[in-house]
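Student: For reference, the structure I am asking about is given below.
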Amino acid sequence: MKRTETTRFGFVSLLAAALILLIAGPVAAQSGAFNEREIRGYDYTGPYAQFGVSIGEINFDVRGFDNDVAGGFTLGGGYRVLPWLAADANFSYLAGEADARGSSGDLDVDAWGFTFGPKIYPLGFAKVEAVPHFIQPYALIGIGGGEAEIDDSSVEEDYFLARFILGVDVWATDHFGLFVEGGGFATSEDDIEGAGLFTVGGQYRF
């Protein structure tokens, strides 16, 4: 993937995020948007699904390579079991390029990971009235595995990983919402230290 393609991918990711927001507006307007009396907030328990677009950086610690910005997506879902706790599963993918020193071109890089773990909503403990219940900050820790590689090189590693995320859910209706989150991955391999990423997307709860 050349630099222009990486830039284009990043632009497409941001455009997809903008489209999610544009779609959310009319849907919310027709459905009593942000009406706290019609949104269950922390009273909701049940399954949910998410899709987001991401931008970040895969952190290779390999001599002769410099990291560059990567774009990608996340697929997630889980089950809200308590007002303050959900069991969350996530698949994340990033693709970009690495600058190869002494080479006339860049090399394609990509990384993916699947994790599972608790998603904690701290305001769900006490249901703080000062913050509308359709705005729900969270912290997430997931563990799992994944793979990263630099094409046309010897770097290709499978690894154990841990995912650390801070974010916020914003529910426009009882079923449809947005989320924004940031954080990263830490891996068990020295050559691939992990990845940092920022994600925005939409979600649906059933």
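Student: With respect to the numbered conditions (1) surrounded by fewer than 18 Cβ atoms within 10 Å (Cβ to Cβ); (2) in contact with a helix residue (DSSP H, G or I) (Cβ under 8 Å, 6 or more places away or on another chain); (3) among the hydroxyl-bearing types (Ser, Thr, Tyr), which one is the sole condition not fulfilled by SER153?
Tutor: For SER153, the failing item is (2).
Student: When you check ASP158 against the structure, is it surrounded by 15 or more Cβ atoms within 10 Å (Cβ to Cβ) and either over 17 Å from GLY196 (Cα atoms) or touching a His at 6+ places or on another chain (Cβ under 8 Å) (or both), yes or no?
Tutor: Judged against the criteria, ASP158 is not a match.
Student: Where residues in segment 161-206 are outside any strand (DSSP E or B) and of a type in the set (Gly, Ala, Ser), which of them is surrounded by the fewest Cβ atoms within 10 Å (Cβ to Cβ)? Full working, then the answer.
Tutor: Narrowing segment 161-206 to residues outside any strand (DSSP E or B): 172-175, 188-191, 206.
Then keep just the ones that are of a type in the set (Gly, Ala, Ser); that gives 172, 188.
Details: ALA172: 21, SER188: 13.
The qualifying residue surrounded by the fewest Cβ atoms within 10 Å (Cβ to Cβ) is SER188.
Student: Could you grab me the full set of residues in segment 32-82 that are in contact with a Lys or Arg (Cβ under 6 Å, 6 or more places away or on another chain) and within 22 Å of VAL155 (Cα to Cα)?
Tutor: Within segment 32-82, just GLY64 meets the criteria.
Every residue, every condition in (1) out of contact with any Lys or Arg (no Cβ under 7 Å at 6 or more places or on another chain); (2) free of Cβ contacts under 8 Å to residues at least 40 places away in the same chain; (3) under 14 Å from TRP112 (Cα atoms); (4) not hydroxyl-bearing (Ser, Thr, Tyr), yes or no:
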site	(1), (2), (3), (4)
GLY145	yes, yes, yes, yes
ASP151	yes, no, no, yes
GLU156	yes, yes, yes, yes
ALA162	yes, no, yes, yes
LEU166	yes, yes, no, yes
ASP174	no, no, no, yes
GLU193	yes, no, yes, yes
LEU197	yes, no, yes, yes
GLY201	yes, no, no, yes
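Student: While we're on this one: What are the residue pairs meeting all of these: first residue in segment 37-50, first residue under 13 Å from GLN136 (Cβ atoms) and surrounded by 14 or more Cβ atoms within 10 Å (Cβ to Cβ), second residue of a type in the set (A, V, I, L, M) and modelled with pLDDT of 90 or more, Cβ atoms under 6 Å, and 6 or more apart or on different chains?
Tutor: Nothing qualifies.
Student: Among the strands (runs of 3 or more DSSP E) lying completely within segment 57-157, list those that include at least 2 residues that are more than 22 Å from ALA172 (Cα to Cα), at pLDDT 80 or above and of a type in the set (Val, Ile, Thr). Don't jump to the end; show me each part of the working.
Tutor: Working: elements: 69-82, 85-100, 106-120, 135-150.
So the answer is 106-120, 135-150.
Student: Same structure, new question: Can you name the condition, by its number, that ALA111 falls short on among (1) surrounded by fewer than 19 Cβ atoms within 10 Å (Cβ to Cβ); (2) under 19 Å from GLY182 (Cα atoms); (3) aliphatic (A, V, I, L, M)?
Tutor: Unmet for ALA111, out of (1) surrounded by fewer than 19 Cβ atoms within 10 Å (Cβ to Cβ); (2) under 19 Å from GLY182 (Cα atoms); (3) aliphatic (A, V, I, L, M): (1).
Student: Check whether at least one residue in segment 164-175 is under 17 Å from SER92 (Cα atoms) and among the charged types (D, E, K, R), and report yes or no. Spell out how you get there, then give the answer.
Tutor: Filtering segment 164-175 down to residues under 17 Å from SER92 (Cα atoms) leaves 164-167.
Okay, now just the ones that are also among the charged types (D, E, K, R), so none.
Checking segment 164-175: not a single residue is under 17 Å from SER92 (Cα atoms) and among the charged types (D, E, K, R).
Student: List pairs: first in segment 85-98 and farther than 19 Å from PRO122 by Cα, second part of a strand (DSSP E or B) and hydroxyl-bearing (Ser, Thr, Tyr), Cβ under 7 Å, 6+ apart or cross-chain?
Tutor: These pairs meet every condition: ASN90/THR74; ASN90/THR115; PHE91/THR74; SER92/SER54; SER92/THR74; LEU94/SER54.
The values are calculated or read from the model by the stated rules, or taken from the named source; none is laboratory data. Since we're looking at a predicted model, the values are computed, not measured. Quick reminder, even Gly has a Cβ in these numbers, built from the backbone with ideal geometry, and neighbours come from all protein chains shown.
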